[in-house]
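Working notes, beginning with the structure itself.
The values are calculated or read from the model by the stated rules, or taken from the named source; none is laboratory data. Nothing here was measured: the structure is a model prediction, and the numbers come from that model. Neighbour counts are summed over all protein chains in view; Cβ atoms, including those assigned to glycine, are modelled from backbone coordinates with ideal geometry. Remember, those area values only see protein heavy atoms, side chains included, never the ligands or the DNA or RNA. Shrake-Rupley method; radii C 1.70, N 1.55, O 1.52, S 1.80 Å.
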Amino acid sequence: MAGGEGTRLRPLTSNQPKPMVPVVGKPCMEHILELLREHGLEDVIVTVAFMPQAIRGYFGNGESLGLNVEYSVEESPLGTAGSVRLASDRLDETFLVISGDALCDVDLTEMIRVHKEKGAAVTIGLKSVENPLEFGIVVTDEEGRIERFLEKPSWGQVFSDTINTGIYVIEPEALRHIPTDGPYDFSKELFPLLLEMGRPLYGHVLDGYWQDIGNLDQFRQANFDALDERVRLNINGIRLRGNVWLGEGVEVDDLEAIEGPAFLGNYCRVAADASVGAYSVLGTSVTLLERARTERSVIDAATHVGRSARVEGAVVGRACDIRAHAHVHEGAAIGDEVTLGAQSAVLPQVRIYPYKEVETGAQIHESLIWESRASTNLFGKDGVSGLVNVDLTPETAVRLAAALGTALKRGARVVASRESPAACRMIKRAMISGLNSTGVDVADLRVLPASVSRHLLKSEGFDAGFHIGVSYSDPEVLEIRFYEQPGIQLTAGLQKEIEKHYTRLELRRAAFNAVGSVTYPARVRESYAQDLLASLDVEAIRKRGYRLVVDYGYSAASYVLPLLLGPLGAEAVDAHGFAADGAQPPTGLREAVGQAKRLVSAIGADLGVVFDRAGERLFLIDEQAREIPVEQALLLYLRLIGSNGRQGNVAFPITVTSHVDALVEGTGLEVVRTPASLAELTKAASEDGVIFAGAVGGGYVFPEFLPAYDAVASLCKLLELLASVDPPLSELVAELPASTLVHRQLPCPWSLKGTVMRLLTERLRDRDVDLLDGIKLRDERGWVQLLPDPDEPLVHIYAEGATEEASLELEAELRSMVEEIMEGEGAMAATGASS
């Protein structure tokens, strides 16, 4: 009997039938089929109704289990007896009826023997339970013959604690009494009728384990009982320490981190410092990152548990993404493919139905059934990003690339590049396949910095490009960054076109003879280096005779920069060159800067530089082995450009310090402000008259060569600018104004972002406000700005006054206004809900 919908088990059964819920790594029904095989019952008919294909697709004809399995499909509800009668043409001898969603290990052979010995028409399997109120009670005489039935009685009607388990041995002639004109039930209708007719009905008290998986608590308990071996099951995997089961290909950093009893399915991964607490059941390919913990929980296949996240006493469905520091509390249940944002909390007894997305930092007090509480934008502020094989899978990459190809013209050309990790290679190959499927040609540069592919796009007239790299802020997140002519970040128009095709699945498919091609252009590094040298005063740099320390940050920039340092006559001691595929850099940015500082001291270098993994951002160290803060480094570039006599525009985001305006006074430079996004900055940099652009964070743009962040070009341009000045780097930095800019982040739900912006704009209507991006307020003390985050449920507050105290005062005032608005709106929402 496998037609159950399992409404009380939702959200676990929202998109799978009840018999398919997993018990220690297998569907409950698979355990039942193994029990039948153990007792020599090899011919099986499965009655299916709700989502029948999920069951048929998994079990097929039963060959893999050594059984002969057939199916009987209910087109409309027929009840327990009616569904069996539907298959009556195949039931010509004594047969057993058993549920696919009640876990048991009872002796079926003995039950059949007793049935035949007593000459029964029907034998009902009985079980003693502590609380029989939810079940049908069966009252028998001393011989086991049934005297009466009570369906879900009150305590005043409880004359026995033996309940009907739904396991029956039946003679075929009993089916003749089942009408064919509507639903009919075994225990409510057929059995009372047979009893009234005087037919021999017997009850057989079953030894062993039996547990109906009717609700989430019973589901969890069934899994726990399996771990405690209260029920005899065939559990897959190697057994360790008596009560820990590990499936095939499990990766565990420390076996001591697993506390039994526990089950880890095939290909689970438990990272360093993660722990698997007692009564944890992890399905196939579940991942626990560093410091994550599970305890007394059942987690289904392919779910990802992020750093320091905790799942305690909960049920989690398939392919969920639980982000860092999230907490799932006791009794919570989460459906398939749910995303829990970082630092979110799902409180006790809350149910979240499949495909929902909970925003960062949210506390979910009540069940999420229909609504979703998060942004569903495909693109973030720097492209498309996600955890590999969790958010960013080969399937999503193919679909994303096909959406890009559809947005471009047939026969368009796209250039592709990547960083070294094997995950980047996998996603890039999937992207190339997706583009080819739409008739778009791809030039694959393999492992090279994004700046080289951008340069090829600009110089060879490609239509678009993409680069697969590791996130600047999180080494476990991959980013797909897109760009278009002349090498700028993807503009909003093309981005929306891609999102439209991706969401609607309106994808162009090329004919057999029109599939796009893949080429591997030669000497692209050399042409990049040649064009960059042509834009530099090579002779001035050579005369200076620089001695450098270069930490490549394991980037592919180590393939490119040596082609320039030779012609520029610069001597370099380098570290952390290109990392081979799959190699993980052992050091982070802070460690790399520390090592570079020691090398600068050791060799007496003129300066040291550290690249990020993408080869886009540059971090500077002066000749005194002191790190130059990124705020000061930006001002250093601007000061050097201004003193060099250059004329033109310099572009900065609206959040950059006002010192840039002071530094250009009396020079031939003019400041252009842009919205606070890399796409807007590179778009402004590509316009006529702009000679430099940059933002705090180590990113600098020299548009005459390339309108994009490029650490190699930024270093070469710095060497050129320093060649014409005498003071050492440390003295130049000491002359720069000190920044007093402060930056704070304030949590703000997605639903309140628009309200905060509207009400704050109204309150500040009569004051000096700039609305280029967010809300920027100026007064005699300085300025303060509110900027909603495009990817997370928070807002950014920037403030800059004449002193740090003034900056903090401005920030506190604006933060207080924002918090007041959010509290007021939150109180109104609560009042509306209660009324």
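Of note:
- Here 3, 57, 66, 62 are screened, and the one residue that is small (Gly, Ala, Ser), farther than 19 Å from residue 211 by Cβ and in contact (Cβ under 8 Å) with a residue 60 or more places away in the chain is 3.
- Members of segment 320-357 that are touching a residue at least 60 places away in the same chain (Cβ under 8 Å) and either under 14 Å from the mean Cα position of the chain (by Cα) or crowded, with 24+ Cβ neighbours inside 10 Å (or both): 321, 333, 334, 335, 336, 341, 352
- Any chance residue 744 is charged (D, E, K, R) and farther than 21 Å from residue 631 by Cα: no
- Of all residues in segment 540-579 being touching a helix residue (DSSP H, G or I) at 6+ places or on another chain (Cβ under 7 Å), without any contact (Cβ under 8 Å) to a residue 60 or more places away in the chain and on the phi > 0 side of the Ramachandran plot, the one that is surrounded by the fewest Cβ atoms within 10 Å (Cβ to Cβ): 569
- Among the residues of segment 611-635, those that are more than 17 Å from residue 696 (Cα to Cα) and not acidic (Asp, Glu) comprise 613, 624, 625, 626.
- The test for being more than 37 Å from the chain's Cα centre (by Cα) and basic (Lys, Arg) holds for residue 85.
- Flag for residue 732 being farther than 21 Å from residue 625 by Cα, touching a residue at least 24 places away in the same chain (Cβ under 8 Å) and not in a strand (DSSP E or B): no
- Residue count for segment 1-26, restricted to those that are surrounded by fewer than 23 Cβ atoms within 10 Å (Cβ to Cβ) and either on the phi > 0 side of the Ramachandran plot or hydroxyl-bearing (Ser, Thr, Tyr) (or both): 3
- Number of the condition not met by residue 758 [criteria: (1) open to solvent by 60 Å² or more (accessible area, probe 1.4 Å); (2) in contact (Cβ under 8 Å) with a residue 24 or more places away in the chain]: (2)
- Between 395, 419, 366, the distinction of being among the acidic types (Asp, Glu) and crowded, with 18+ Cβ neighbours inside 10 Å belongs to 419 only.
- For the condition touching a helix residue (DSSP H, G or I) at 6+ places or on another chain (Cβ under 8 Å) and among the charged types (D, E, K, R), residue 476 does not qualify.
- Within segment 519-553, being in contact with a Gly (Cβ under 9 Å, 6 or more places away or on another chain) and acidic (Asp, Glu) holds for one residue alone: 551.
- Among (1) modelled with pLDDT of 75 or more; (2) crowded, with 20+ Cβ neighbours inside 10 Å, the one test that residue 132 misses: (1)
- Hey, residue 346 over 20 Å from residue 276 (Cα atoms) and of a type in the set (A, V, I, L, M) or not: no
- Some residue of segment 492-513 being in contact with a helix residue (DSSP H, G or I) (Cβ under 9 Å, 6 or more places away or on another chain), part of a loop (DSSP other than H, G, I, E, B) and under 22 Å from residue 445 (Cβ atoms): no
- Selection status of residue 81, in contact with a strand residue (DSSP E or B) (Cβ under 8 Å, 6 or more places away or on another chain) and in contact (Cβ under 8 Å) with a residue 40 or more places away in the chain: no
- Test: residue in segment 50-67 that is of a type in the set (Ser, Thr, Tyr) and either open to solvent by 40 Å² or more (accessible area, probe 1.4 Å) or closer than 16 Å to residue 169 by Cα (or both): yes
- Just one of (1) crowded, with 20+ Cβ neighbours inside 10 Å; (2) on the phi > 0 side of the Ramachandran plot; (3) basic (Lys, Arg) fails for residue 310. It is (2).
- Meeting the requirement of 1 or more residues that are open to solvent by 30 Å² or more (accessible area, probe 1.4 Å) and over 19 Å from residue 734 (Cβ atoms), the helices (runs of 4 or more DSSP H) wholly within segment 626-715 are 659-663, 678-685.
- Pairs, first farther than 13 Å from residue 203 by Cα and touching a residue at least 60 places away in the same chain (Cβ under 8 Å) in segment 104-124, second surrounded by fewer than 16 Cβ atoms within 10 Å (Cβ to Cβ) and basic (Lys, Arg), C-beta under 8 Å, six or more apart: 105/232
- Hits in segment 208-250 - residues which are small (Gly, Ala, Ser), open to solvent by less than 20 Å² (accessible area, probe 1.4 Å) and under 28 Å from the mean Cα position of the chain (by Cα): 247
- The number of residues in segment 1-33 being assigned to a loop (DSSP other than H, G, I, E, B) and either in contact with a strand residue (DSSP E or B) (Cβ under 7 Å, 6 or more places away or on another chain) or not acidic (Asp, Glu) (or both) comes to 15.
- Qualifying residue in segment 145-152 (condition: at pLDDT below 80, assigned to a loop (DSSP other than H, G, I, E, B) and over 25 Å from residue 230 (Cβ atoms)): yes
- From 800, 720, 731, residue being under 30 Å from residue 546 (Cα atoms) and open to solvent by less than 50 Å² (accessible area, probe 1.4 Å): 720
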